[in-house]
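Working notes, beginning with the structure itself.
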Amino acid sequence: MSAYFIVQATITNEPQYQKYREAVVPFIAKFGGKLTARGAKVEVFEGEHDTRPVVMFEFPTMEAIQAFWNSPDYVPIKKLREGAATINVWAFPGI
């Protein structure tokens with residue numbers, strides 16, 4: 001069952017965050033993740049949204065997302081965004 005990984009970031013250092021992007025996208029692909037939306041403006045039909053753009057990846061399973069997120073090889077990549085952005089991250093299974 002497909003699973004979805006959603007990221008919203010408040011970027012404070014664009015050049016540094018770009019280094020993170022360049023490292024993390026190919027790393028995510030190693031776990032079967034593929035980019036499905038980048039910098040997408042959310043259109044609100046009801047309720048509220050904080051207006052930050054959305055980045056979304058589709059993975060083959062929730063287990064693949066967890067393997068990516070918990071990989072020891074992700075630790076040095078994650079450090080690339082320290083001080084460059086604060087993020088919110090969500091994941092959920094598809095149907």
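Read-outs: derived from the displayed coordinates by stated rules, not from any lab. None of these values were measured; they are calculated from a predicted model. Reconstructed Cβ throughout: ideal geometry from the backbone, glycine too, with neighbour counts over all protein chains shown.
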Practice prompt. Take every Cα pair under 8 Å in the chain that's 6+ residues apart, average their separations, divide by the length, and report that relative contact order as a whole percent.
Written response: 52
Worksheet item: What net charge is computed for the residues neighbouring Ala23, neighbours being all others with C-beta under 11 Å from the C-beta of Ala23, Lys and Arg scored +1, Asp and Glu -1?
Response: +3
Item to complete: Among the lysines, select those whose C-alpha is under 25 Å from the C-alpha of Lys79, and discard any that sit fewer than 8 residues away in the same chain.
Response: Lys19, Lys30, Lys34
Discussion item. For a protection proxy built on the mean count of beta-carbon atoms within 10 angstrom, sort 62-71, 86-95 highest first, please.
Written reply: 62-71, 86-95
